[in-house]
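Visitor: Sharing a structure with you now.
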Amino acid sequence: MTDFQIAQDLSILMASAKPSASVSPELVPVPVRPVLADPTASQLWQPIQQEINQDLAVLNLKTWFYSHFTGLVMATIYIVFFLILWLVISRSLELVFRRAKLDETAANFVQEILKYTLFCIGGLASLGALGINTTSILASLGVLGLTLGFAAKDTLSNVIAGIFIFWDRPFTTGDLVEIDGIYGKVQRITLRSTRIVTVDGKMVAIPNTNIVNGKVVSYTNFPNLRLDIDVTIGVEEDIEAARQILLKAVSEEKNRYMSIPPATVVVTALNDYNIALQVRVWIDDEREHVSERFFLREKVFNVLRDSGVDLPYETIQMIAPAGMPPFQVSP
């Protein structure tokens, strides 16, 4: 059926549907079936309807954009303004902290608090510019905070523990510490975790809750550090002779070890098959204690071996009962 035939059928339909003076309008039959049942007319109407819907959607989007254009511009200006403000303040704080000689840990804490505060203010200002009621948002923060407190209690615990670390300051950025058996240099302290770089170059992030509730060993809180090197000698050896040999070896390294307090060699245990000695020396630079410990351990072994001091190792002695023929153990 052509468009002309469809139009002609529509005109006939309208003429037949017009009520006369003597016939009631509700009794006049309306022959709509020939038009609505025609599949060709339905196929022609679908693309037109789709195009109208698309035009309406675009029109609604344009209307919303034009009505909120000022708010979008103001929200963008607020975001850019607070970003630039944070960059300026952070650079200024770096100069102030450097002149005040404030340690890096306290400086990072102040910058973290100030950054989150500025970002929250900027976010609320941007939402207000878009026409969103920020007062209701602030009012609902109480219930939201309670909900988030139950959902993210571990994260909040780490944040609170981070504040305690900043306040108590058991260590600072750059210190050498041992936490939960992990030894390394403190790279950064955040509100959630403390990042440590180990001696083999690994970065380990330790939750602040573990630090507050655990044991922390610091190697850099005091200017000097003592190295303890354990060694064993035979039970038949002269302890004083071995002590003098070790003290002489330590005195030869005047640039490595401190003279005050002086180096000492003490007996820590009298075992069944050996005597346990401990060499104790003090170093001036505590940050070099790892390499100095390796060097001293090797030097103690070499000097005792070169001096002919017996360095016993664990052996097993088998005693056969009386009357039992001798036997050999194959290697």
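Any read-out appearing in this document is the output of simple, stated calculations on the displayed coordinates, not a laboratory observation. Keep in mind that this is a model prediction, so the values were computed, not measured. A quick note on method: Cβ atoms are made from the backbone with ideal geometry, for glycine too, and the neighbour counts reach across all protein chains shown.
Visitor: Going by how many other Cβ atoms sit within 10 Å of their own, how do 97, 81 line up, fewest first?
Guide: On the way: 97 17, 81 13.
Ordered from fewest to most neighbouring Cβ atoms within 10 Å, 97, 81 come out as 81, 97.
Visitor: As an exercise, take the mean of 1/r over every pair of distinct alpha carbons in the range 208-289, invert it, and state the Kirkwood radius in angstroms. It would help to have the intermediate numbers written out before the result.
Guide: Numbers: mean 1/r = 0.0679 Å⁻¹.
When all Cα pairs of the range 208-289 are included, the Kirkwood radius is 14.7 Å.
Visitor: For the range 185-250, compute Rg over Rh where Rg is the Cα radius of gyration and Rh is the Kirkwood radius from the inverse mean 1/r over Cα pairs. Intermediate results must be reported in sequence, preceding the final value.
Guide: Numbers: Rg = 19.9 Å, Rh = 16.0 Å.
My calculation of the ratio gives 1.25.
Visitor: Provide 273, 257 in ascending order of the number of other Cβ atoms located within 10 Å of each residue's Cβ, fewest first. Let's see the in-between values first.
Guide: Details: 273 12, 257 18.
Fewest-to-most Cβ neighbours within 10 Å comes out as 273, 257.
Visitor: Based on alpha-carbon positions alone, could you give the equivalent ellipsoid semi-axes of the range 165-318 from the gyration tensor, as √(5λ), descending, whole Å? Mind showing how you got there, number by number?
Guide: Numbers: eigenvalues 275, 69, 33 Å².
Each semi-axis is the square root of five times an eigenvalue, giving 37, 19, 13 Å.
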